[in-house]
1. Restricting the first residue to region 205-218 and requiring it to be in a helix (DSSP H, G or I), which pairs with a second residue that is of a type in the set (S, T, N, Q) meet a Cβ separation below 9 Å and a spacing of at least six or different chains?
2. Checking the conditions here, which among Asp96, Asp163, Asp91, Asp130 is closer than 18 Å to Ile187 by Cβ and either out of contact with any strand residue (DSSP E or B) (no Cβ under 6 Å at 6 or more places or on another chain) or among the aromatic types (Phe, Trp, Tyr) (or both)?
3. What are the residues in region 100-127 that are farther than 22 Å from Ser205 by Cβ, in a helix (DSSP H, G or I) and open to solvent by 50 Å² or more (accessible area, probe 1.4 Å), if any?
4. In region 21-78, how many are part of a helix (DSSP H, G or I) and of a type outside the set (A, V, I, L, M, F, W, C)?
5. Select from region 27-69 the residues that are closer than 17 Å to Val131 by Cα and among the charged types (D, E, K, R) and list them in ascending order.
6. Taking the conditions exactly as written (assigned to a loop (DSSP other than H, G, I, E, B) and more than 20 Å from Gly132 (Cα to Cα)), does Asn84 satisfy them or not?
7. From the list Val131, Val146, which residue is of a type in the set (A, V, I, L, M) and in contact with a helix residue (DSSP H, G or I) (Cβ under 8 Å, 6 or more places away or on another chain)?
8. If only one of Ser172, Ser205, Ser168, Ser196 is of a type in the set (Ser, Thr, Tyr) and open to solvent by less than 40 Å² (accessible area, probe 1.4 Å), which one is it?
Amino acid sequence: RSIGDKRIVIIDGKKRLGLTQRLNQIFTRNTSDILVKLDADIMLRNSNVIEQLVKPLLHNTKVGLVSGKLLPYRPTTYIEKVINIGRDTWDNIKRDLKKGNSVYTCTGGVFAMSRIFVNQIRFPSDMWADVGYLYFSCITKKYQFVSVKNAVVLFQPPRTLVDYINQSNRYSRENDLLRRYFPEQLIDIQYNVPKSLILKYKLESLLKHPILAISLFF
């Protein structure tokens, strides 16, 4: 409002509907060839983030969904440092899984969609797992998903153990919800991570940061 530019449209919802229903509202109103969604609690790492994010959509009409990369702000508390060790380990696993383009690298903090894909997507009323639903809709509709490593945004990760556990529990429930709308075999394949890959990077983390890694284990 303070910018006062006619190109900016503010959708001021008086009633809380939830993220996915607000996204449905935006999808319905969209007239752009590319729709970019940024979370409110992130910061662009540099001025080229959006440019890098949309490149795959500009160069390949088969791409329907593109995701950027989330990096946490520098940790300040011990709990944050412990949590970041787990995140770093997981980032290494994601990098090696499906050449970095998997359900695990599809993030809600920063993503872009082609208009043709947007026009085919509406979230069911009970769907709160927006990112997972978009990813599986993308691949089942025969579009490509691309993760752009250099489209980086910064975010604030959980700062307490309770917040971390609550977030982890939410992710575990997402899998069950998505099974209502997509084939169970597809869900299992896409979420499968080879145990050898997990062991490799957990051991690497343990060797590099033994105290923090052991703290994360406990």
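The values are calculated or read from the model by the stated rules, or taken from the named source; none is laboratory data. Since we're looking at a predicted model, the values are computed, not measured. Heads up, the Cβs are rebuilt from the backbone with ideal geometry, glycines too, and the neighbour counts pull from every protein chain shown. Ligands, DNA and RNA are stripped out before the accessible areas are found, and what is left, the full protein with its side chains, is counted by its heavy atoms. Shrake-Rupley method; radii C 1.70, N 1.55, O 1.52, S 1.80 Å.
1. Final answer for the pair search is Ser205/Thr89; Ser205/Asn92; Leu212/Asn84; Leu212/Ser205; Ala213/Thr89; Ala213/Ser205; Leu216/Thr89; Leu216/Ser205.
2. Details: Asp96 fails: closer than 18 Å to Ile187 by Cβ; Asp163 fails: closer than 18 Å to Ile187 by Cβ; Asp91 fails: closer than 18 Å to Ile187 by Cβ.
Selected residue: Asp130, the only one of Asp96, Asp163, Asp91, Asp130 that is closer than 18 Å to Ile187 by Cβ and either out of contact with any strand residue (DSSP E or B) (no Cβ under 6 Å at 6 or more places or on another chain) or among the aromatic types (Phe, Trp, Tyr) (or both).
3. Answer for region 100-127, where residues must be farther than 22 Å from Ser205 by Cβ, in a helix (DSSP H, G or I) and open to solvent by 50 Å² or more (accessible area, probe 1.4 Å): Arg115, Ile116.
4. Residues of region 21-78 that are part of a helix (DSSP H, G or I), as a first pass: 21-29, 49-59, 78.
With the extra rule that they be of a type outside the set (A, V, I, L, M, F, W, C), the set shrinks to 21-22, 24-25, 28-29, 51-52, 55-56, 59, 78.
Looking only at that region, the number is 12.
5. If the condition is that a residue be closer than 17 Å to Val131 by Cα and among the charged types (D, E, K, R), then Lys37, Asp39, Asp41, Lys69 are the ones that fit.
6. Numbers: assigned to a loop (DSSP other than H, G, I, E, B): no; more than 20 Å from Gly132 (Cα to Cα): yes.
When the stated conditions are applied, Asn84 does not pass them.
7. Numbers: Val131 fails: in contact with a helix residue (DSSP H, G or I) (Cβ under 8 Å, 6 or more places away or on another chain).
On inspection, the qualifying residue turns out to be Val146.
8. Working: Ser172 fails: open to solvent by less than 40 Å² (accessible area, probe 1.4 Å); Ser168 fails: open to solvent by less than 40 Å² (accessible area, probe 1.4 Å); Ser196 fails: open to solvent by less than 40 Å² (accessible area, probe 1.4 Å).
Going through Ser172, Ser205, Ser168, Ser196 in turn, the sole match is Ser205.
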